[in-house]
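First comes the structure, then the notes that go with it.
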Amino acid sequence: LGCTRVESAAAPGAGFAGGAGGEPGASLARRVLCPLGGGKDSLVVFDLLRRQDDVAVSWLYVSDSVGEYEKSSRLQAIVTRSGAPCHIFEHDFSYGQVPDFRARMHLGLGPRPAGHPWAALVSFDAALACVMLGFDTVAVGNEHSANFGNGIFLEGDCGERLEVNHQFDKSLEFERAFHG
């Protein structure tokens, strides 16, 4: 498991989007990286940021397979229309020839283990991207429901009932711990 490729894919003629505009290295109050997800949340965050006079905003796309961004005309259209660059962190989750995962593939279940914390990986990649690329802020849009469990309970080691939250890595509790 590792990041196999890190690159920047600029929209045609792209600088940084935002009221202040500018190129990398421009003097702005804030340089913000906005992870591009699969839903509306990241689009709303990006749009709100680009309306600010003192913000230069750029996309971060984290992929779980080689060439995923290049295969998605939808993602490319979003980046092109936004006029902002997109920094791509690409991971390879193929797991090689591990027999258990090969067996899962034959059953149509895919090679990925269930429940990997995707938003946590994006958080770590975004923090790394900030250091590598000179951004000072990451802005994400996570739905409020990520702060609550699913109504499914498991018994803990000491007999306590623990509520499952499949979106814990998008919760405010996770974000606070991540910042700590």
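If packing is taken as the average number of other Cβ atoms within 10 Å across a peptide's residues, how do 151-164, 124-137, 50-63 rank, most packed first?
Those peptides, ordered most packed to least, come out 50-63, 124-137, 151-164.
Calculate, in nm to one decimal, what Ala29 and Lys71 gain on full extension: separation in residues at 0.36 nm each, minus their alpha carbon distance. Don't skip to the end; give the middle numbers.
Values: separation 42, 0.36 × 42 = 15.12 nm, distance 3.48 nm.
Residue separation times 0.36 nm, minus the Cα-Cα distance, leaves 11.6 nm.
Could you list the residues of the range 47-65 with an amide nitrogen less than 14 Å from a label point located 7 Å from the Cα of Leu133 in the Cα-to-C-beta direction?
Answer for the range 47-65: 56-63.
Under a crude label model (7 Å from the Cα following the beta-carbon direction), how far is Asp157 from Phe178 in nanometres?
Between Asp157 and Phe178, the label points sit 2.6 nm apart.
We did not get these values from a lab; they are worked out from the coordinates using the rules stated. Since the model is a prediction, treat every value here as computed from it, not as a measurement. Positions of Cβ are backbone-derived with ideal geometry, glycine not excepted, and every protein chain shown enters the neighbour counts.
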